[in-house]
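Presented below is the structure to which this report refers.
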Amino acid sequence: MAVIRVLMLGDIVGDAGLEAFETRCGPLKEKWAADLVIINGENAAGGFGMTGETLDRILAAGADAVTSGNHVWEKREFWPALDSGKMVLRPANYGSLEGFLPGDPLPGRPWLELNAGGVPVFVLNLQGREMMTPIDCPFRCFDRLYRDIERITAGHPLVLVDFHAESTEEKEAFAYYCDGRASLVAGTHTHVQTADERILPKGTAYITDLGMSGAQNGIIGMDAEICLARLRSQVAYRMTCAVPQTDGDLALHGIAAEFDAETGNALSITRI
Ligand SMILES: [Fe+2]
């Protein structure tokens, strides 16, 4: 049986997150004999969105695909990168279900196609709506994209989903909805890794949140004092990223997973 090994890593938060990924991606890839590395980069540019330069750094450090979330729209000058052919995605359910057609005002591609030793692997990025912007339905958007992918593949496609969402209930519900179709549903956005990784009944590997790549001596990778001031006063002070004091403050969180290349089913999922 041919096995595909994938590393999927949580949101990069600022310079500390970039440093953690740049220094640890290579050794991690070797340790897990990973065919592909996918990481969420939506907080890479100082905690808010991406720039062309941060995207290039993430790709140069070894990412095969970079996913994102609500912060992807933060820097208007970054938008053209979503159409540039570089391996970066924004959540597909912004805009409309008819999006990704010529003339659609939002840039971006519906999925990224990667290659793992001759096996096509499709990366999807969708976003939840609970406690977030009420964008288009991620469930129906997944149905549509999956149908389109099925049409261009022979057999069961290997589909990896970054589901960027706040609500644990919505994340679990989404994973059960995709069970047996997606090979992996990995949650992002909260920056706090959950310990519920498992393989669902029909073969989809799942974790509610991958965690983050960033400084652990803060609050979700951001400066603790500013976060405290925001929460205690309810004033939206501009957040800045936490600055690591020691090497131990640098975190790189995610999962390593193995898949049967023929059936697309998950064989294992392990937290990093
Ligand atoms: Fe987010």
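The values are calculated or read from the model by the stated rules, or taken from the named source; none is laboratory data. Just so it is clear, the structure is predicted and the values come from calculations on it, not from any experiment. Virtual Cβ from ideal backbone geometry, glycine too; neighbours counted across all protein chains shown. These area figures cover heavy atoms from the full protein model, side chains too; ligands, DNA and RNA do not enter into them. Shrake-Rupley method; radii C 1.70, N 1.55, O 1.52, S 1.80 Å.
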With n ≥ 4 as the cut-off for DSSP H runs, can you work out [θ] at 222 nm for the chain, using -39500 (n - 2.57) per run divided by the number of residues, rounded to the nearest 500? -7500 deg cm²/dmol
May I ask what percent, to the nearest 5, of DSSP beta bridges between residues of the chain are antiparallel? 45
What number, in percent, do you get for the relative contact order of region 33-130 if the mean sequence gap of Cα pairs under 8 Å and at least 6 apart is divided by its residue count? 24
Taking every Cα atom in the chain, find the radius of gyration and the maximum pairwise distance Dmax, and write them in Å. 17.5, 57
Among PRO91, PRO201, PRO110, which one shows the biggest mean-square fluctuation in a GNM of the chain, springs joining Cα atoms closer than 10 Å? PRO201
Per residue accessible area in Å² of region 207-250, where ligands, DNA and RNA are left out and the probe is 1.4 Å: 56
For GLN245 paired with ARG271, estimate the spin-label separation in nm (one decimal), with each label point 7 Å from Cα along the Cα-to-Cβ line. 2.5
About the Cα centre, charge dipole magnitude for region 225-272 (Lys/Arg +1, Asp/Glu -1 at Cβ), debye: 520
Over all alpha-carbon pairs in region 27-76, figure out the percentage whose distance exceeds 17 Å. 35
On the accessible surface of the chain, probed at 1.4 Å with all protein chains in place, carbon and sulfur together account for a percent value of 52
Against the longest alpha carbon principal axis of the chain, how many degrees, from 0 to 90 and to the nearest 10, is the axis of helix 14-31 turned? 40
Regression test value, accessible area per residue of region 95-174, probe 1.4 Å, units Å², expected 45
Lys/Arg +1, Asp/Glu -1 at C-beta; region 1-140 dipole; positive extreme among LEU28, GLY52, GLY41: LEU28
In degrees between 0 and 90, to the nearest 10, how far off the longest principal axis of the chain does helix 168-178 point, with axes built from Cα atoms? 20
Cβ-Cβ cut-off under 9 Å around LEU114, Lys and Arg +1, Asp and Glu -1: the net charge is -3
Between the Cα axis of helix 224-233 and the main Cα principal axis of the chain, the angle (0 to 90°, nearest 10) is 80
Taking the convex hull of the alpha-carbon atoms of region 185-226 and averaging its shadow over every direction gives an area in square nanometres of 3.1
Kirkwood hydrodynamic radius (Cα pairs, Å) of region 74-176? 14.6
Just how large is the dipole of the chain about the Cα centre, in debye to the nearest 20, putting +1 at every Lys and Arg Cβ and -1 at every Asp and Glu Cβ? 200
